[in-house]
Amino acid sequence: MIGLLEPLVRPLLRLLDAEDAHRLAIHALKFPPFVKLAADDPRLAVRAFGLNFPNPVGMAAGFDKHAEVPDALLRLGFGFVEVGTVTPQPQAGNPRPRVFRLPRDEAVINRLGFNSVGADAVLRRLAARANAGGIVGINVGANRESIDRIADYVRLIETFAPVVSYFSVNISSPNTPGLRELQQAKIFDELLARVMDARARMSREAGTTPVLIKIAPDLTLNELDDLVGGARRHRVDGMIIGNTTVARPPTLRDQATAREAGGLSGRPLFALATRMLAETYVRVEGAFPLIGVGGIDSGEAALAKIRAGACLIQLYSALVFHGLRLVAGIKSDLSNALRRGAHAGIDELVGADAAAMTAEKWPI
Ligand SMILES: Cc1cc2nc3c(=O)[nH]c(=O)nc-3n(C[C@H](O)[C@H](O)[C@H](O)COP(=O)(O)O)c2cc1C
């Protein structure tokens, strides 16, 4: 149903403020479509972090911040859904307007600033669907006014371990002042020690819930060395590369909107995020799997992420411009690519181009 109505509805949604359009989309998803999708091509199945993903295409964090529609998204064909960012206490985020479309660039700038209904409300929703199946991870973040930000992450691990498939520890949002400082080596080390300890304490009750770290694409390579070193020492389960960028590529065409403060996502992020993914892959040396995010808007872009080192991918911004049909399109393109290359599965392609990519000129 959503697939049929979408071409009619999307131009109207574009007339609305970006955040109002998003609220409307979430409401629409609360009335799930009746159409049952065909099962995924078994070659698209991925096993990572001890979880079995039916396909590698995930909904990135930020779309379903409050865990209102994870099951509708799974039914629409996503292989997994990352809800959040959720903060321990409810908070309003930054004043509106705070989400901007750059249509000519197929990009978005947001400075939402972790608007969250808070952990209690999200826990009620996730607990109610805990036995529904499907891979639903949660992206966790600290409250803006929190004095001990690491304690916020610890509390969220303790709260959600029994009801989620994995954690994404978000230390890379550019819209909470000082949050990205958690990526500095010494603080990062303390964060990981306390987060992994909380996960271990919860394991009797909740099993070993995978912990992934979501990083910024704006790190220097020296900073990346430190982060990967820390992640390997503390034996995290994976990394997500990455969040939105504070950079503004000179090629942007919607120059006026490009001056808005916030994180840029969508097509103009692709080159930088994919390069950082490849740089991470060569440093991780197979110690844990990676999720590639940033600017995926086609099967070709998804395949490039996989060849740069991701075994799973996520997307958000391209859905604003191309709609949810993109998910089926990407899956079908990936299936065809596997068939053409006579590959049994995605894992045969993961990282195939990583070393070559790291030798290329740095993307602007
Ligand atoms: C409106 C909007 C809100 C977002 N909110 C979050 C968030 O709460 N937490 C987070 O980790 N990432 C958030 N992101 C970043 C996305 O998860 C993703 O990392 C980024 O947009 C790059 O992917 P894309 O180019 O496919 O959009 C948000 C992105 C957008 C566009």
Practice item. Among the residues of segment 17-60, count how many are in contact with a Phe, Trp or Tyr (Cβ under 8 Å, 6 or more places away or on another chain), more than 20 Å from Arg325 (Cβ to Cβ) and either surrounded by 20 or more Cβ atoms within 10 Å (Cβ to Cβ) or not hydrophobic (A, V, I, L, M, F, W, C) (or both). Key: 4
Practice item. Please go through segment 101-123 and pick out each residue that is not hydrophobic (A, V, I, L, M, F, W, C) and not in a helix (DSSP H, G or I). Key: Arg101, Glu106, Asn110, Arg111, Gly113, Asn115, Ser116, Gly118
Practice item. Tell me which of these Glu190 doesn't satisfy, since it passes every other one: (1) under 21 Å from the mean Cα position of the chain (by Cα); (2) under 16 Å from Tyr153 (Cα atoms). Key: (1)
Point to revise | Residues that are more than 20 Å from Ala304 (Cβ to Cβ) and in contact (Cβ under 8 Å) with a residue 60 or more places away in the chain, drawn from segment 215-247 | key: Asp237, Val246
Point to revise | Filter pass, Asn131 being farther than 23 Å from Val293 by Cβ and touching a strand residue (DSSP E or B) at 6+ places or on another chain (Cβ under 8 Å) | key: no
Point to revise | Selection count, segment 72-116, where residues are among the basic types (Lys, Arg) and within 26 Å of Leu334 (Cβ to Cβ) | key: 1
Review point. Counting just the residues of segment 201-218 that are out of contact with any Leu (no Cβ under 7 Å at 6 or more places or on another chain) and among the hydrophobic types (A, V, I, L, M, F, W, C), which one comes out farthest from Val81 (Cα to Cα)?
Key: Met202
Point to revise | Inter-residue pairs, beta-carbon under 9 Å, first within 12 Å of Gly134 (Cβ to Cβ) and in segment 163-174, second within 10 Å of the ligand (Cβ to nearest atom), 6+ apart | key: Val164/Val83
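One line per residue, one yes/no per condition, for (1) in contact (Cβ under 8 Å) with a residue 40 or more places away in the chain; (2) within 11 Å of the ligand (Cβ to nearest atom); (3) buried (at least 24 other Cβ atoms within 10 Å of the Cβ):
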position	(1), (2), (3)
Leu74	yes, no, no
Thr87	yes, yes, yes
Pro95	no, no, no
Gly133	no, no, no
Point to revise | Residue among Ile364, Ile306, Ile330, Ile346 that alone is away from the ligand (no atom under 11 Å from the Cβ) and modelled with pLDDT under 95 | key: Ile364
Exercise for review: Among the candidates Leu334, Leu303, Leu319, single out the residue that is closer than 29 Å to Ala28 by Cα and under 17 Å from the mean Cα position of the chain (by Cα).
Suggested key: Leu319
Review point. Which helices (runs of 4 or more DSSP H) sit wholly inside segment 204-300 and have at least 1 residues that are crowded, with 16+ Cβ neighbours inside 10 Å and within 12 Å of the ligand (Cβ to nearest atom)?
Key: 270-284
Check your understanding: Can you pull out the residues in segment 124-137 that are in a strand (DSSP E or B) and in contact with an Asp or Glu (Cβ under 7 Å, 6 or more places away or on another chain)?
Key -> Gly137
Practice item. Kindly indicate whether any position in segment 35-45 is hydrophobic (A, V, I, L, M, F, W, C) and modelled with pLDDT of 95 or more. Key: yes
Check your understanding: Of Ala142, Ala61, Ala67, which residue is in contact with a Gly (Cβ under 6 Å, 6 or more places away or on another chain), within 14 Å of the ligand (Cβ to nearest atom) and small (Gly, Ala, Ser)?
Key -> Ala61
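The values are calculated or read from the model by the stated rules, or taken from the named source; none is laboratory data. None of the values given here were measured: they were computed from a predicted structure. Because the Cβ atoms are built from the backbone with ideal geometry, glycine has one as well, and the counts that use them run over all protein chains shown.
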